[in-house]
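The values are calculated or read from the model by the stated rules, or taken from the named source; none is laboratory data. Please read all numbers here as calculations on a predicted model, not as lab measurements. Glycine also receives a Cβ, built like all others from the backbone with ideal geometry; neighbour counts cover every protein chain displayed. We work out accessible area using only protein heavy atoms, side chains counted, and drop any ligands, DNA or RNA first. Shrake-Rupley method; radii C 1.70, N 1.55, O 1.52, S 1.80 Å.
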Amino acid sequence: MSAPLVLALTFIVCLLMGVPIAFTIGVATMAALWVGGIPFTFLSQNLFSAVDSFAIMAVPFFILAGALMETGGLSRRLIDVANALVGRYVGGLGMVTILACAFFAAISGSSPATVAAIGCMMIPAMIKKGYNKTFSASVAASGGGLGILIPPSIPMIIYGVVGSVSIGQMFLAGIIPGIIISVILLSTAYFIARKNGYKGSNEPFIFKDFLKVTRDAVWALLAPVIILGGIYGGIFTPTESAVVAVVYGLIVGLFVYKELKWKDIPEVFIRAAMVTGSVIIIVGMAAAFSKLITMYQIPTMLAQVLLGISEHKLVVLALINIVILFAGMFMETLSLIIIFTPLFLPIVMDLGVNPIHFGIILVIGAEIGLMSPPVGVNLFVASGISGVSMEKMSRGILPFILMMIIGLFVITYIPKISLFLPQLLR
């Protein structure tokens, strides 16, 4: 049996058996190395080289920054601003949840962290207001997906490292698609809420009250301005911006909002370290896996299959989107990006697709995967908060998934949406 076939079969069997994705990738890689007669040191060498990167250092720091800002009261103040903006409309709390997720996404870089930070406060508030539990959990799970699309974004950092693409350009490219997907989610929540009779606060918009909550949240709102402004202003790199975000979150939480206590810091660091450890293991294993599939020329074989169906760029992109959406139902986001980048990037670049544009397509596909059963991480987080079964969550989130797929294809076929800001500010 050939090594590429062993690689594919082992990967699929482990995945179907429910083996954690990091170990699935590692076992499949080792099986292929054994059949191919390649020393097992290949795995350890590639694992080390994958994480021995300055750009990768941004990942643990953004995870820590998100944890500090969540504990330090920044997420609650972002919810207050969102509530002042859209809370009075039909389905107001649902739209507040999505808007607050969009605000927090500009700080955290992580989707599950966004669901947890905003969902812990908003899901109980929606249920108390009379919203259906399934709807409440689905809104939080879908809004949390914005965590990896609106910059800064951990998956964008990983894509930039694997695909040798500018991380700063990726962050810029994610802004307009992030706004578009936010509007799509807000509209979906509004129409579902109107159909089910979920009312808003009905309180009139009072500019003085809006100024008050905005003034209170100014330090939270300044976080993405400092992080992204520093990158685009050439003051610091994306990795350095992650360190700035940690220091900023620490100072604001401890000395400005004073909701982060010194006794909380060890727990925050431990929580961030646990998440970082799992991410780094996945990144290392997936890097060795992707190097192996490149060695066995699997991207070339895949290109021949896709181009055998059609050589038209739009058709090939549609097929790739379908593959990404299907794989996203079973694979963890970072694994999906690390594995599919070397598989598909050479194919689309040969067809004239900008690598930054393709990166946004891949991230949005991964975002939809986070919301998709059976293993969508956001579903598990929202289910844990709300107590809603995965079966009900899967049905409740379906309208949001369908609308986001439409958004994905719009962004796929209109490259200017992703490339406008990178080209403008180049």
Shape category assigned to region 236-293 from the gyration tensor of Cα positions, a/c cut at 1.5: oblate
Give me the lysines in straight-line cross-link reach of Lys212: C-alpha distance below 19 Å, same-chain residues under 8 apart excluded. Lys258
Taking 0.36 nm per residue of sequence separation and subtracting the Cα-Cα distance, how much length would be gained by fully extending the chain between Lys263 and Ser49, in nm to one decimal? 73.4 nm
Taking the Cα centre of region 176-239 as the origin, how large is its charge dipole in debye, to the nearest 20, when only Lys and Arg (+1) and Asp and Glu (-1) carry charge on their Cβ atoms? 220
What percentage of the solvent-accessible surface of the chain, computed with a 1.4 Å probe over protein heavy atoms, is contributed by carbon and sulfur atoms? 71
Given the candidates Ile157, Pro177, Met295, the one whose Cα lies deepest towards the positive end of the charge dipole of the chain, counting +1 at each Lys or Arg C-beta and -1 at each Asp or Glu C-beta, is Pro177
If contacts are Cα pairs under 8 angstrom and at least 6 residues apart, what is the relative contact order of region 1-158 in percent? 20
State, as an integer percentage, the relative contact order of region 355-403 based on alpha-carbon contacts under 8 Å between residues 6 or more apart. 27
Cα gyration tensor of the chain - equivalent ellipsoid semi-axes, whole Å, descending: 35, 24, 21
In degrees, nearest 10, range 0 to 90: what is the angle between the Cα axis of helix 74-86 and the longest Cα principal axis of the chain? 70
Note on region 287-332: alpha-carbon gyration tensor, axes a ≥ b ≥ c; rule is a/c under 1.5 for rounded, else prolate if a/b larger than b/c, else oblate; result oblate
For the chain, modelled as a GNM with alpha-carbon contacts under 10 angstrom, which of Val377, Val115, Val27 fluctuates the most? Val27
Using helices alone, what [θ] at 222 nm do you get for the chain, with -39,500 (n - 2.57) per DSSP H run of 4 or more residues, divided over all residues and rounded to the nearest 500? -25500 deg cm²/dmol
Hey, what angle do you get for helix 92-108 against the long axis of the chain, alpha-carbon based, 0 to 90 degrees rounded to 10? 60
Taking Cα pairs closer than 8 Å and at least 6 residues apart, the relative contact order of the chain in percent is 24
Rounded accessible area per residue of the chain, 1.4 Å, Å²: 41
Compute the separation of the alpha-carbon centres of region 188-218 and region 393-409 and state it in Å as a whole number. 24
Using only Cα atoms, find the angle between the long axis of helix 265-295 and the longest principal axis of the chain, and express it within 0 to 90 degrees, rounded to the nearest 10. 30
Identify the residues of region 77-95 with backbone N under 18 Å of a label point that sits 7 angstrom from the Cα of Phe207 along the Cα-to-Cβ direction, or state none. 84-86
Cα-projected label distance for Gln297 with Leu9, points at 7 Å along beta-carbon direction, nm: 2.2
With +1 at each Lys and Arg Cβ and -1 at each Asp and Glu Cβ, the charge dipole magnitude of the chain around its Cα centre, to the nearest 20 debye, comes out at 1120
Once you sort the root eigenvalues of the Cα gyration tensor of region 163-273 as a ≥ b ≥ c, which label holds: rounded (a/c under 1.5), prolate (a/b larger than b/c) or oblate (the other case)? oblate
So for Met121, Met274, what's the accessible-area order with a 1.4 Å probe, most first? Met274, Met121
Quick one: Cα centre-to-centre distance for region 250-309 and region 1-48, in angstrom? 19
Among the lysines, which have Cα under 30 Å from the Cα of Lys416 when same-chain residues fewer than 8 positions away are ignored? Lys313
When the dipole is taken about the Cα centre of region 242-292, and only Lys, Arg (+1) and Asp, Glu (-1) are charged at their Cβ, what size is it in debye, to the nearest 20? 40
